[in-house]
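Each value in this text was obtained by applying a stated rule to the coordinates, not by laboratory testing. Keep in mind it's a predicted model, so treat the numbers as computed, not measured. Note: ideal-geometry Cβ built from the backbone for every residue, glycine included; neighbour counts use all protein chains shown.
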Amino acid sequence: MIDFADTHQTTLHTLPNGLTIILREVHSAPVISWWVAYRIGSRNERTGQTGISHWLEHMMFKGTPKYEQGELDRLIDRSGGQWNAFTSMDHTMYYETLPSDQIDLALDAEADRMFNALFDPEEVESERTVVISERRDNENSPTFWLNEELRAAAFRVHGYHHSIIGDMTDLYSMTREDVMAHYANYYRPSNAVAIAVGDFDTATMLAKIEHYYGGLPTGPAPTPFMRPEPEQLGERRVVVERPGHTAFVRIAHRAPSATEKDWFSLAMLDSILSGPGGNIDNKTSRLYRRLVVPGIAAGISGSVEETIDPYLYQIGATVSEGRTPAETEAHILEEIERVQQDGIAVQELEKAKKQARASFAYETERVTNQAYWLAQSAMLNDVDWFDTYLSCIDSVTPDDVQQVAQSYLNARSRIVGWLLPTGMEGEA
Amino acid sequence: MIAQTHQLPYSGNIHRTVLDNGIVLLIHTLTHVRSVVIAGSVRAGALYEQPAQNGLASLTAEALMRGTQSHDFDAIFSALEDIGADLSFGTGHHQVGFGGKALAEDLPLLVELLNDTLRYPTFPERQLENLMIQRITELRYSQQDNRYRAEEAFRKHLYPPEHPYHYSSYGTIDTLQTLSPADLKAFHKKHYGPAGMLLAVVGNVEPVKVIELIQESLGGWRNDLQPDEVDLPELVAPEKQQRINVVLPGKTQSAIVMGTIGPSSFAEDYRAALLANSVLGEFGMMGRLGQVIREDMGLAYYAHSRLDGGVGPGAWSISAGVAPDKVDVTIEAAIHQVNQMRETLISEDDLEDNLSYYTGSLPLRLESAGGIANQLIAMERYNLGLDFLVNYRELMYRFTREDIQSAMRRYLDPERFVISVAGPSA
């Protein structure tokens, strides 16, 4: 197994203005991926400003005095590179992956827009409708409505309560000043981590970064808004009705944060129950055999996300034509109980570990992915998270898996969601 | 090692072998990865099915892994999933494509399963029933998807019923329900064979060993029943503009798909059309369409264009998702951009930007083993030659602004557009 921590030189630096820098040389292709990640995401948003982090992310592409709107799109495409950004519950990340000899463009672009975004009033209003359109595009999927209701039921207090794109009412009511204040509060070196992975010499790259970022203003790291979720006191249920023909069931339980040991045990449990995800199929997973093979469900999936605060372990099923959400739910719960009572076989765990090792190998072949995972680790406040991922997985025992099934997947912390189709009356 | 891995695939480092039975094998070694990717195709796409049996080719392909003479469903997927490997088949109009990935040491198992599933499937009845349930559920679900519905209506109106592209290779609920295991067995027996099969292997592998491995397994495959390649009927773009409205209650957004027939990948002006498409709806933030419809007017999250090419000719289309009351203004803005490119030469800067984008992005497109494998298959399918990538810059820089305008004028005529809109109201 390739151990990237051993085979590629990785160094950690901090500039006097507080910017944390992670550099990893990987010379497999003549490209470099440059990421700047900010410790601000939808979990830090207040009611009335839901979706503001994501909207701000959009505004970061609308120009600065140095690079007018569209100029960086042009320069990056011209250089044969790619760039993008995304907002998560925990953070906001920006990246460029470019041919190695073009990397100065990325370094300059991110340094520039950390402080100099324009927020032209017309552009702000134009982008408001773009974000609203993005939300409407999400609404096209019936499961978006179910997911949104499920999260709202799961988190009464914590910011994981609302979807990243935000509530429609807030997208209409937020102001330019709100977005600018969010920018001023959270976009600064002390609240950011920058990562480069690729075909460079570390000393040379560090000198370039100091050149572009060393002169940026110093300031204390902000304290983002956050409210911890109180303990859940019993099962919660939501039902969503939407036009269509297909029913869905989603069963969620409160999960540990990604830096807790139990998270890795839960990841192994998920792999055994619903498959490893990624490019690897799930047709020998317990829930596929229980639900899809006999035709009760047309598909099943599971997810345990790498979050800062405890989020959700979710199992989802697409109910087959002619079958019911109730029987689908019952079968899922019985499979959970089976693990709680009987545990798992050693061979099942070994298979899940081998799948994790293979996924890790595939995932890390591109420098862009390696940089993302280093950025994700930094956002979890554990820069070693990615490099120790496989050893943490490897230390999980069958008893650990049974224990997390017993302690996390209980009725008291369960949220069940059903999406019920109401048909397609009026279709033409 | 660094110098070696930074080299583009070309005739000096791609091992191309044609087996006695006609299978074309392309191998490229990457020493910096631990995995191996296989990609390829067999000549058994939806062109070879009758409209009344629409979905037969794709159901046959999907059922290949549901059981073989030596492995049942569970054994096939246990073998793959136990080692974190993947193998899957997908069906287009012309080909059934396949792709797989494994750690490099597991290539023999991947090849064994590819050989087994391609040649010896048994199509167990119970497995087919299960597949049918899943597919009907998926098809019912896609009826709620406004992008899917707009695309579907666009395709059906752009291609007449006598053309195979009129039909989705996925089939319909009605046609799928008529299919039996015997139909799948007969289709497989006639159409699956080595003639026309392409196979690329890219990763941490030794070419000599890969050739031996493939020769030992797929090298013995024969099928005298395989028909010649099908010629597509003559196709002309619609005579006049058509507008189709698909009403989907409860939706908050409308999906627009509009366009016409583009060039095939074999056409002389295909790459000029690619550059034109890039200027129109791809380069930067979705080209001129993105600039006007998203950035300037704030109408849409996505507004872009796509040139399908392929053996085709495939479509050349514009897509956008907008509020229902902004449909007409969006269509108008998109047509205005198309007409502007038909009437006025793009600037020298635009040409240079887009040439630089197409040629400069090669390192990124070829960073992964999967990206290289797909590129090798395309080079073989479209007779581009093994040195296509090293000659790519020279090839692209031959095109002029006039070539781009000419491609726009030849293909993308709004007066002959099919305009499809799926949303909450007409």
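Observations on the model:
- Under the simplified labelling scheme, the B:Lys190-B:Ser78 pair shows an inter-label distance of 3.7 nm, with each label point 7 Å from Cα along Cα→Cβ.
- According to the Cα-based calculation, Rg over Rh for the stretch B:318-426 is 1.07, with Rh computed by the Kirkwood formula.
- Put in line by how crowded their Cβ is, counting other Cβ atoms within 10 Å and starting with the fewest, B:Val338, A:Val404, B:Val247 read B:Val247, B:Val338, A:Val404.
- Size of charge dipole - the stretch A:236-421 - debye, nearest 20, with Cβ of Lys, Arg +1 and Asp, Glu -1, no other charges: 600 debye
- Distance in nm between pseudo-label sites at B:Glu234 and B:Ile173 (7 Å out along the Cβ direction from Cα): 3.9 nm
- Relative compactness, the stretch B:242-423, computed as alpha-carbon Rg over 2.2 N^0.38 Å: 1.08
- Taking A:Arg136, A:Arg176, A:Arg286 in turn, the Gaussian network model of chain A (Cα-Cα springs below 10 Å) assigns the largest fluctuation to A:Arg136.
- Average other protein chain Cβ within 10 Å of Cβ, residues B:249-260: 4
- Chain A, dipole about Cα centre (Lys/Arg Cβ +1, Asp/Glu Cβ -1), debye to the nearest 20: 840 debye
- Taking every alpha-carbon pair within the protein assembly as shown, the share separated by more than 37 Å comes to 48 percent.
- Dipole in debye (nearest 20) - the protein assembly as shown, about Cα centre, beta carbon charges: Lys, Arg +1; Asp, Glu -1: 1140 debye
- Label zone (A:Thr397, point 7 Å along Cα-to-C-beta; backbone nitrogen cut-off 18 Å) within the stretch A:338-376: A:340-351, A:353.
- Inter-centroid distance (Cα atoms) of the stretch B:86-158 relative to the stretch B:239-306, Å: 27 Å
- Signed unit charges on C-beta, dipole axis of chain A, positive-most listed residue A:Ala109, A:Ala352, A:Gln340: A:Gln340
- 19 Å reach of a label modelled at A:Thr47, 7 Å along Cα-to-Cβ, counting backbone N of the stretch A:167-207: A:167-175
- Per residue convex hull volume, Cα atoms of chain A, in Å³: 153 Å³
- Note on chain A: with a GNM built from Cα contacts shorter than 10 Å, the maximum mean-square fluctuation among A:Arg289, A:Arg128, A:Arg24 falls on A:Arg289.
- Computed on chain B, the Cα convex hull volume stands at 152 Å³ per residue.
- For chain A, the longest principal axis of the Cα atoms and the long axis of helix A:176-186 meet at an angle of about 80 degrees.
- Most mobile listed residue (A:Thr50, A:Thr92, A:Thr202) in chain A, GNM with C-alpha springs under 10 Å: A:Thr202
- Debye log10 I(q)/I(0) at q = 0.10, 0.13, 0.20 Å⁻¹ for the stretch A:236-421, Cα point scatterers: -0.41, -0.69, -1.40
- The order of B:Phe89, A:Phe225, going from fewest to most other C-beta atoms within 10 Å of their C-beta, is A:Phe225, B:Phe89.
- Selected from A:Tyr186, B:Tyr397, B:Pro263, residue furthest toward positive end of dipole (the protein assembly as shown; charges at beta carbon): B:Pro263
- Taking every lysine pair in chain A that is 8 or more places apart or spans two chains, those with Cα atoms closer than 30 Å amount to 9.
- Computed from the alpha carbon atoms alone, the convex hull of the stretch B:2-220 holds 150 Å³ per residue.
- With the simple spin-label model, which puts each label point 7 Å out from Cα in the Cβ direction, the A:Asn369 to B:Asn339 separation comes to 4.7 nm.
- For chain B, lysine pairs with C-alpha atoms less than 26 angstrom apart, excluding pairs fewer than eight positions apart on the same chain, total 6.
- Computed from the Kirkwood radius of its Cα pairs, the Stokes-Einstein diffusion coefficient for the stretch A:264-363 at 37 °C and 0.692 mPa s stands at 233 µm²/s.
- Fewest-first sequence of B:Ile419, A:Ile40 by Cβ atoms within 10 Å of each Cβ: B:Ile419, A:Ile40
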